[in-house]
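Every read-out reported here was derived from the displayed coordinates using simple, explicitly stated rules and does not represent laboratory data. Model, not experiment: these values are computed from the prediction. Cβ placement follows ideal geometry from the backbone for every residue including glycine, while neighbour counts extend to all protein chains displayed.
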Amino acid sequence: MLRGEGVRPEAARRFAGRAEREAPPTDGGRVRPVVLEAAVAFLLGYAAGSVPLGLLVAYLFAGIDIRRHGTGNVGAANVREHAGRAAAAVVALGVFLQGLLPPLAARLLGAQEGVVAAAALGPVVGYGWSPFLGFRGGRALGVATGAAAALSPGGLLVLLGTYALGALLRQIPPATLLAFVLYAAYAFLTGAPPAYRAAAALLLVLVAARRLEGVRREVRRGPPVRAVLELLVFQRRRPGR
C-alpha cells in the first residue's frame, strides 16, 4: 500500500469484525444472565417454601386439617396445640430448612450475591403466600429465620438472642419483630454485601406483612393506628362485635 492511500473497505470490515470478536465482554452482557439466575433462584425458593408442611404433618400425626383448629395457622405453634409436640418439632425443623436450604445451596454453587439473596426471599414469600393455601400461609417466622441464617450466621445469633430475651420476658410477639429489626441493622452495620442488606430489609418487611394479615378487619373495629400497632407489635386481635 502506498503512503497516504486509504484503507480498503474490505480490509476495514475484516479488521473491525476481528476486533469485535476479540473484545472482552462488557458488564452489560452479564447483567441479563444474573437477573435470569436470580429469577430462577427466587422461583425455586418460592416452590420450596410454598409446601404447607404444617398441614401435611398435622394430617399424618393426628389425622386433622390444622386449618380447622385453633387459630387456623399452619405453623408449629398451632400444630403443637392440636397435633402434639412431636409433630410441632417436625414442622419447626422442616420450615427452618425450607428457608435455609435454597440460599445455602445457591452459595455452595458459587452463585452471585444477588442470586443468593433472591433464593433466600423466595421461600419466605412462598410460605406466606402459598398457592396450595389459596395464596395465604403462616406467619413466616421460622422460614425467615432459616433464610436469615443462610445469609448471615452472625445475624442468626442476633435473632436467636432476641427470641430468647422475648421468651424470658414473656413478650414473644414484640421480640420476634424486634429480632428482624436488629437483624437488618446488623447487616447494615457490619458491612454486608448490598444484596444481603437489601434482603435483610425485605425479610423484615415480609415478616411484618404476614403479621398484618386481617388488618382491614381490625381497623374497622377501632382506632386505625392503635389497631395496626396492636396487630403488628403484639399480634392482638380484637373480638368481633
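Step by step: find N for region 28-160, compute 2.2 N^0.38 Å, then divide the Cα radius of gyration by it. What's the final number? Walk me through the intermediate numbers first.
Numbers: Rg = 15.7 Å, N = 133, 2.2 N^0.38 = 14.1 Å.
Compared with the compact-globule rule of thumb, region 28-160 sits at 1.11.
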Checklist outcome for this item: Residues whose modelled amide H sits under 5 Å from the amide H of S130, counting only those 5 or more places away in sequence or on another chain, are F135, R136, G137
Checklist entry - Which distance in nm do the two modelled labels at F188 and L109 give, with both placed 7 Å along the Cα-to-Cβ direction? => result 3.2
Next on the checklist: Per residue of region 179-193, what does 6.51 cos²θ - 1.76 cosθ + 1.60 with θ = phi - 60° give for ³J(HN,Hα)? Whole Hz please, x for Gly and Pro, Karplus curve as stated.
Outcome noted: 4, 7, 5, 5, 4, 5, 4, 4, 4, 6, 6, 8, x, 4, x
Checklist entry - How far is the Cα center of region 170-195 from the Cα center of region 97-164, in Å? => result 14
